[in-house]
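Let me begin by presenting the structure, written as structure tokens, before commenting on it.
The values are calculated or read from the model by the stated rules, or taken from the named source; none is laboratory data. From a predicted model like this one, the values you see are computed outputs, not experimental measurements. A quick note on method: Cβ atoms are made from the backbone with ideal geometry, for glycine too, and the neighbour counts reach across all protein chains shown. Remember, those area values only see protein heavy atoms, side chains included, never the ligands or the DNA or RNA. Shrake-Rupley method; radii C 1.70, N 1.55, O 1.52, S 1.80 Å.
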Amino acid sequence: MTYTLIHTIHIFSVFIYGGFLFTDNLFMVKMKQTLNEEEDIKARESIMIHVRKVVPYSLMVAVVSGLYLFWSVFGEISKDGLSSFQIMLSIKAILGLWLGMRGINQKFFGIQPWIFKSHFFPFSLIIVIIMLSQFMYL
Ligand code: HEM
């Protein structure tokens with residue numbers, strides 16, 4: 001029961017975090033095509049003031065719930081070494097933890113990313129993470 005509950009929380013939190021990144025990278029960036037620069041900045045900020053209240057925290061919930069899931073499903077490492085499931089899950093966890101650290105640095109310490117400053121980078125990582133989360137069971 002606990003596992004299913006945490007797994008559900010994990011899915012909801014990544015829906016919110018990933019959902020914002022899809023909306024930003026697929027739609028909000030297009031506002032420039034129909035708005036002038038001043039209008040674009042104003043329209044974007046009118047959305048971002050609400051995003052900042054929710055999305056960074058959903059990322060942190062995704063990371064914490066993910067860590068619990070990881071310890072629950074990773075399993076023993078056999079004498080033959082890591083299985084393909086363990087390798088892909090580890091890559092997924094490292095990419096998720098990287099996003100988590102970026103988010104925590106930005107939100108709580110005001111440390112902006114040194115590289116890949118735009119939202120396109122986390123967007124591309126989310127796509128890789130979702131792919132890994134499905135292919136790791138093959
Ligand atoms: C922050 C970005 C993250 C995203 C977008 C993400 C996304 C996902 C998705 C889409 C699933 C598949 C859900 C399903 O098919 O049922 C999943 C499952 C999982 N995630 Fe994450 N995740 C993230 C971070 C993490 C982190 C940081 C960890 C571990 C440290 C983690 C560990 C897991 C585990 C173990 C599962 C498998 C659960 C299962 O299938 O029972 N995730 N994640």
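Of note:
- Each helix, a run of at least 4 DSSP H residues, gives -39500 (n - 2.57); summed and divided by the residues of the chain, these come to -27000 deg cm²/dmol at 222 nm.
- Positive-end residue, the chain charge dipole about Cα centroid, Cβ charges, pick of Val63, Phe74, Met131: Val63
- Overall, the range 2-135 carries a charge dipole of about 140 debye about its Cα centre when +1 sits on the Cβ of Lys and Arg and -1 on the Cβ of Asp and Glu, all other atoms neutral.
- With each label modelled as a point 7 angstrom along the Cα→C-beta vector, the Lys53-Ser90 pair spans 4.2 nm.
- Phi-based couplings in Hz for the range 15-28 (Karplus 6.51, -1.76, 1.60; Gly and Pro marked x): 5, 5, 5, x, x, 4, 5, 5, 4, 5, 7, 9, 10, 4
- In the calculated pair-distance distribution of the range 5-101, the portion above 17 angstrom amounts to 61 percent of the Cα-Cα pairs.
- Per residue, the accessible area of the chain comes to 67 Å², computed with a 1.4 Å probe over protein heavy atoms only.
- Counting protein heavy atoms only, the range 2-135 has 73 percent of its accessible area on carbon and sulfur, 1.4 angstrom probe.
- Table column - 3J(HN,Hα) (Hz), the range 106-114, Karplus curve with 6.51, -1.76, 1.60, x for Gly and Pro: 5, 6, 9, 10, x, 8, 7, x, 6
- Long-range HN-HN contacts of His119 with modeled amide H, under 5 Å: none
- Those lysines that a straight Cα-Cα span of less than 17 Å connects to Lys30, excepting residues fewer than 8 apart in one chain: Lys42
- Full extension of the segment from Val61 to Ser78, taken as 0.36 nm per residue of separation minus the current Cα-Cα distance, would add 3.1 nm.
- Taking Ser65, Ser84, Ser13 in turn, the Gaussian network model of the chain (Cα-Cα springs below 10 Å) assigns the largest fluctuation to Ser84.
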